[in-house]
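Student: Here it is, the structure in full.
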Amino acid sequence: MTDDNAPKPRFAPRVFSGIQPSGGLTLGNYLGALKRFVEKQDEGIETIYCLVDMHAITVWQDPAKLRHATREAAAAFIAAGIDPERSVLFNQSQVGAHAELGWVFNCIARLGWMNRMTQFKDKAGKNAEAASLGLYAYPALMAADILLYHATEVPVGDDQKQHVELTRDIAAKFNHDYGVEFFPLPAPVIEGAATRVMSLRDGTKKMSKSDPSDASRINLTDDADAIAQKIRRAKTDPDPLPDAVEGLEGRPEARNLVNIYAALAGSTPAAVLDEFAGQGFGAFKPRLADLAVDRLAPISREMARLMADPAEIDRILARGADRAEAIARPILERTFEIIGMVRSRG
Ligand code: AMP
Ligand code: TRP
């Protein structure tokens, strides 16, 4: 029974997420982010997905590689199941409102908040003095990405939770300082068996496109042979698989491969262990390799097909940017009005 008198929620459900086109996408991006993006789209919620090229340049990017990586990431989204008609798919720099709201949020976020961001500390490393100012301000731009669309849900991998929480803090402080209820407090959506996929060479390190070792990751552009070989050579321990998840304690590489299997199979780590308990990696790895090839090779094939026509990818991004802009501009204009900016150009 529906209650017509029930109060309408102030903000309609809307999903926003982004991925940096700073090199090729990995299995971590796929399981932690992209696969979820497709699921959200298929649930019928309004979904907006962005290739965050402005975030990418917070560390040095070769211009030709950045351009290529942006198109390739767009191809990966489409190959993985993002339909550019049902979702809005675009690259960030084509919608200037992101940078404009990003500046406003630079003036809302506090230095003390930024100093707590663990990703900055990881990325800046020991020589933080040499990091760009943009790398430090990065989470405020991310807050702008999300809030520019009044998004309510943000599917991300585990490592982005802190940034989404900062986004809530920025929204709450803006609303409080200006006495409005203008920005929603978006929720991170961190789901599935592989919200943190680890390196194939070191189960304590996140799988990353910036790891110098290519053997540490599966790239979405890897062909079937490369995928199978990397899984066969993945670091493991000599013990058989346990019969319960608790038995993976202290075995980061084993846990990682079980989580990857579960995520690719759409199952759970417990169910995977039910099936493989007592078996060694000699038996488990070929099964994982088969599953990974089965799920990933069609994506890399479709990406290659799409990349043969970069002009079509550019057209898709242009159309996505137009649609994004149509949502973002009025929200930015309203923000400027709330702040007290004179907007007299009509
Ligand atoms: P990035 O490549 O840093 O732009 O990340 C894009 C999205 O992929 C974010 O939602 C990340 O949390 C997610 N992601 C990146 N690496 C991993 C990983 N190793 N495991 C799970 N999710 C990841
Ligand atoms: N910071 C995210 C990452 O590195 C990428 C990102 C930028 C993002 N803007 C976003 C993710 C907005 C979600 C929503 O993974």
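The values are calculated or read from the model by the stated rules, or taken from the named source; none is laboratory data. Everything quoted here is computed from the prediction, not taken from an experiment. Glycine gets a Cβ as well: all are built from the backbone with ideal geometry, and neighbour counts include every protein chain shown. Accessible surface is based on the protein model in full, side chains and every heavy atom, while ligands, DNA and RNA are left aside. Shrake-Rupley method; radii C 1.70, N 1.55, O 1.52, S 1.80 Å.
Student: Between the range 254-327 and the range 60-130, how many Å separate their Cα centres?
Tutor: 22
Student: Continuing with the same structure: How large a share of the accessible area of the range 214-305, in percent, is made up of carbon and sulfur atoms when the probe is 1.4 Å and the other protein chains stay in place? Intermediate results must be reported in sequence, preceding the final value.
Tutor: Working: 2070 of 4290 Å².
For the range 214-305, the apolar C and S fraction of the accessible surface comes to 48 percent.
Student: Working with all protein chains in place, sort Ser87, Ser208 by solvent-accessible area computed with a 1.4 Å probe, largest first. Write out the running numbers ahead of the final one.
Tutor: Details: Ser87 0, Ser208 25 Å².
If we order Ser87, Ser208 from most to least accessible, we get Ser208, Ser87.
Student: Let me ask another. When a/c reaches 1.5 or more, the comparison of a/b and b/c decides; with that in mind, is the range 226-276 rounded, prolate or oblate per its Cα gyration tensor? Numbers along the way, then the final one.
Tutor: Details: a/c = 2.10, a/b = 1.21, b/c = 1.74.
Oblate, because a/c is 1.5 or more while a/b does not exceed b/c.
Student: Over the range 15-115, with every protein chain in place, what whole percent of the accessible area is carbon and sulfur at 1.4 Å, could you tell me?
Tutor: Values: 1970 of 3650 Å².
Accessible surface attributable to carbon and sulfur in the range 15-115 totals 54 percent.
Student: Quick one: how many Å² of Asp158 are accessible to a 1.4 Å probe, rounded to 10?
Tutor: 60
Student: Let me ask something additional. Taking 0.36 nm per residue of sequence separation and subtracting the Cα-Cα distance, how much length would be gained by fully extending the chain between Ser267 and Glu100, in nm to one decimal?
Tutor: Numbers: separation 167, 0.36 × 167 = 60.12 nm, distance 4.23 nm.
Extending this stretch completely gives an extra 55.9 nm.
Student: If you don't mind, there's one more thing I want to ask. For Ala308 and Asp225, FRET efficiency with R0 = 22 Å and r from the beta-carbon atoms, rounded to 0.05?
Tutor: E(calc), rounded to 0.05, equals 0.55.
Student: Per residue, how much accessible area does the chain show when a 1.4 Å probe rolls over the protein heavy atoms, in square angstrom?
Tutor: On a per-residue basis, the chain sits at 48 Å².
Student: On a 30 Å Cα-Cα criterion, which of the cross-link pairs Lys40/Lys235; Lys40/Lys126; Lys65/Lys123; Lys121/Lys285 come out too long? Each step should come with its number before you reach the end.
Tutor: Numbers: Lys40/Lys235 33 Å; Lys40/Lys126 38 Å; Lys65/Lys123 20 Å; Lys121/Lys285 35 Å.
Listed pairs above 30 Å: Lys40/Lys235; Lys40/Lys126; Lys121/Lys285.
Student: Using +1 on the beta carbon of Lys and Arg, -1 on that of Asp and Glu, and nothing else charged, what's the dipole of the chain about the Cα centre, debye to 20?
Tutor: 820
Student: List the aspartates and glutamates whose Cα lies under 14 Å from the Cα of Lys173, skipping any in the same chain that are fewer than 8 positions away.
Tutor: Excluding near neighbours in sequence, the set is Glu165, Glu181.
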